[in-house]
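Trainee: I am attaching a structure below and will ask some questions about it afterwards.
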Amino acid sequence: MKISLLVAEIGSTTTVVNAFNDLDTCPKFIGQGQSATSVLEGDVNIGLKGAIDDLAKNLGEESIDYDELIATSSAAGGLRMTVHGLVYDMTVKAAKEAALGAGANIKFITAGRLRKSDLRKIQEIKPNIILIAGGVDYGERDTALYNAELISEMNLNIPVIYAGNIENHEDIKEIFQGKETELYIVDNVYPKIDELNVEPTRKVIQEVFEKHIIHAPGMEHVREMVTGPIMPTPGAVMEASQLLYDDIGDLLTIDVGGATTDVHSVTEDSDEISRILINPEPKAKRTVEGDLGVYVSMKNVVEMMGKEELTKELKISMEELENLIFHHKPIPETNLEKRFVEELTLHATITAVRRHAGGLKHLYGPSGKKTIAEGKDLTQVKYIIGTGGALTRLPNRKKILSEIALSNKGNDLLPNTEAEILIDNHYIMASLGVMAKKYPQVALKLLENSLKGE
């Protein structure tokens, strides 16, 4: 069978392949195949071929021919980054927002001058990219230059992105001249006080990731099969969210996975909140919660909820709960297993969104009470979108998402009860994010179809 476009999602444990046809006329999602990811075998193509074979079987075909194959990847540790800025609440926060929005796993963050112990930690982490920021334009220069000197002397052969004070550009080039390090200089992520400029850095992070992912263990042969772009999987979900924002407006995308819960928001602050907001927030923001997952991190979520509470919610004995925990599977099968995972997903969803969202705080002084806002304002969100395994497959997925607005304790900047719940029914949002690089209108049409369940 001939397929126009295959999109592979190469995960740490599973590789999924989504097939799309008729891109020029009436684009259609026609099927999915999956296989175990084969990074440990030293060649990710083994798992990729297995997923394509599974797709052929699901479509009732002998074999598959395709015109193009593009991919997202979180295998081989995904996109590991370290971020080094000047002041934590300013340049460090801006650089962190840029890295997270690009789909990175941030392994280490520093503010101010690097110490010897920091340099040792960078060496241990072996990041895919190092991001240096610091100083508003025409402001403080020395910290970023000092940090760049120390990083260049390590000669790690790891790409470095500089996104700090523009006055340092020439000095930064000089520092890295003659070194093995590949240097990228981009616009300042924090050009003025209370102004974020994260998009140029996000774009370059993804370009560097695509260029270097082929050197990751097990990924060396990926270019033998993948003909187009490769993006970090969380970055692709953000790309799809931004594409959809341009079409329907302010939205929140939630992906509850086995190990983490990712929250992506694309929304502007309300006029009322922007007047009292103490630090700027990016329009497109991603947070990732490494302690909130429904398989790898399941025991942690159970601990947070409390076993007594779970037995009450599920109306089961402690012995039955312990049995559920002991025999927990990646994909629930029985009704009780599904109800258990729904409770975990509900807790992970609400906790992750509340961590992502900002809130109101009341300060009391000589002149009386003053209200300030801190963090991301989600009050303008019109659509809440569920993607990922749990929120696209569980029976009560819509009810879980509707609980977000109901969980507001009064001062949280959460979406209100009028926000519409949408589900990525085909579970293809990440695939469409990477597809949007070349076929934005096609990706948007397919995303609309998935949200309608067509």
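Trainee: Out of the DSSP beta bridges found with both residues in the chain, what percent are antiparallel (nearest 5)?
Mentor: Of the beta bridges lying entirely in the chain, close to 45 percent run antiparallel.
Trainee: More than 32 Å apart: what percent of Cα pairs in the chain qualify?
Mentor: 42
Trainee: Moving on to the next point. Nearest 500 deg cm²/dmol is fine: what mean residue ellipticity at 222 nm does the chain get from its DSSP H runs of n ≥ 4 alone, each adding -39,500 (n - 2.57), divided by its residue count?
Mentor: That calculation yields -11500 deg cm²/dmol at 222 nm.
Trainee: Straight-line reach only, C-alpha to C-alpha below 27 angstrom: list the lysines that Lys452 could link to, leaving out same-chain residues fewer than 8 apart.
Mentor: Correct list for Lys452: Lys2, Lys28, Lys57, Lys283, Lys285, Lys338, Lys382, Lys398, Lys399, Lys437, Lys438.
Trainee: Cα gyration tensor of the stretch 1-138, axes a ≥ b ≥ c as square roots of the eigenvalues: rounded (a/c below 1.5), prolate (a/b > b/c) or oblate?
Mentor: Taking the square roots of the gyration eigenvalues as a ≥ b ≥ c, the stretch 1-138 is prolate.
Trainee: A follow-up question, please. Of all DSSP beta bridges located in the stretch 80-215, what percent are antiparallel, nearest 5?
Mentor: In the stretch 80-215, DSSP labels about 5 percent of beta bridges as antiparallel.
Trainee: Using a basic spin-label model with each label point 7 Å from the Cα along Cα→Cβ, how many nm lie between Leu59 and His169?
Mentor: The two pseudo-label positions are separated by 4.8 nm.
Trainee: Return the lysines within reach of Lys173: Cα separation strictly under 27 angstrom, same-chain partners fewer than 8 residues apart disregarded; answer none if there are no such residues.
Mentor: Lys93, Lys96, Lys107, Lys116, Lys121, Lys126, Lys192, Lys203, Lys211
Trainee: Determine the gain in length on full extension of the stretch Asp67-Glu180; use 0.36 nm per residue of separation and subtract their C-alpha separation, reporting nm with one decimal.
Mentor: 37.0 nm
Trainee: Here is a follow-up. Order 140-148, 153-161, 70-78 from most to least packed using the mean count of other Cβ atoms within 10 Å.
Mentor: Result, highest mean first: 70-78, 140-148, 153-161.
Trainee: Same structure, new question: Largest first and in whole Å, give the semi-axes of the stretch 233-426's equivalent ellipsoid, each being the square root of 5 times a Cα gyration tensor eigenvalue.
Mentor: Equivalent ellipsoid of the stretch 233-426: 32, 21, 13 Å, largest first.
Trainee: Please work out the FRET efficiency for the pair Glu149 and Ser117, using the Cβ-Cβ distance as r and a Förster radius of 25 Å; give the result to the nearest 0.05.
Mentor: 0.90
Trainee: Follow-up question, since we're still on this one. At 7 Å along the Cα-to-beta-carbon direction for both Asn335 and Lys399, put a label point, then send me their distance in nm to one decimal.
Mentor: Output for this residue pair reads 1.2 nm.
Trainee: Rounded to a whole number, what is D in µm²/s for the stretch 202-281 from Stokes-Einstein with the Kirkwood radius over alpha-carbon pairs (20 °C, 1.002 mPa s)?
Mentor: 139
Trainee: Under a plain spin-label model, where a point goes 7 Å from the Cα along Cα-to-Cβ, how far apart in nm are Met304 and Thr13?
Mentor: With each label placed 7 Å out from Cα toward Cβ, I get 1.8 nm.
Trainee: Just in the stretch 245-325: which GluC sites (Glu not before Pro) are loop by DSSP and have at most 15 other Cβ atoms within 10 Å?
Mentor: Of the GluC sites (Glu not before Pro), the ones in loops of the stretch 245-325 whose Cβ has at most 15 other Cβ atoms within 10 Å are Glu268.
Trainee: Within 10 Å, count the other beta carbons around each residue, average over each peptide in 420-428, 189-197, and list them highest first.
Mentor: Going from most to least packed, we get 420-428, 189-197.
Trainee: Just how many % of Cα pairs in the stretch 32-100 lie over 19 Å apart, if you round to the nearest whole percent?
Mentor: 54
Trainee: Only Cα pairs under 8 Å and at least 6 apart count here; give the relative contact order of the chain as a rounded whole percent.
Mentor: In percent, rounded to a whole number, it is 14.
Trainee: Assuming R0 = 25 Å, can you tell me the calculated FRET efficiency for the pair Tyr364 and Asn411, based on Cβ-Cβ distance, to the nearest 0.05?
Mentor: Efficiency computed from Cβ-Cβ geometry: 0.95.
Trainee: Cα gyration tensor of the stretch 80-215, axes a ≥ b ≥ c as square roots of the eigenvalues: rounded (a/c below 1.5), prolate (a/b > b/c) or oblate?
Mentor: Rounded is the answer for the stretch 80-215, as its axis ratio a/c remains below 1.5.
Trainee: At a 1.4 Å probe radius, carbon and sulfur cover how many percent of the accessible area of the stretch 80-215?
Mentor: Percent of accessible area from carbon and sulfur atoms in the stretch 80-215: 46.
Trainee: How much accessible area per residue does the chain have, counting only protein heavy atoms and a probe of 1.4 Å, in square angstrom?
Mentor: Per-residue value: 44 Å².
Trainee: If you don't mind, there's one more thing I want to ask. Determine the gain in length on full extension of the stretch Ile193-Lys312; use 0.36 nm per residue of separation and subtract their C-alpha separation, reporting nm with one decimal.
Mentor: That works out to 37.8 nm of additional length.
Trainee: Moving on. Have a look at the DSSP beta bridges in the stretch 233-426 and tell me what percent are antiparallel, nearest 5.
Mentor: Just about 65 percent of them are antiparallel.
Trainee: Separate question: Heavy atoms only, probe 1.4 Å: what % of the accessible area of the stretch 233-426 goes to carbon and sulfur, would you let me know?
Mentor: 49
The values are calculated or read from the model by the stated rules, or taken from the named source; none is laboratory data. All values derive from a computational prediction rather than experimental measurement. Using ideal geometry, Cβ is built from the backbone for each residue, glycine included, and neighbour counts are taken over all protein chains shown. For accessibility, only protein heavy atoms count, side chains too; no ligands or nucleic acids. Shrake-Rupley method; radii C 1.70, N 1.55, O 1.52, S 1.80 Å.
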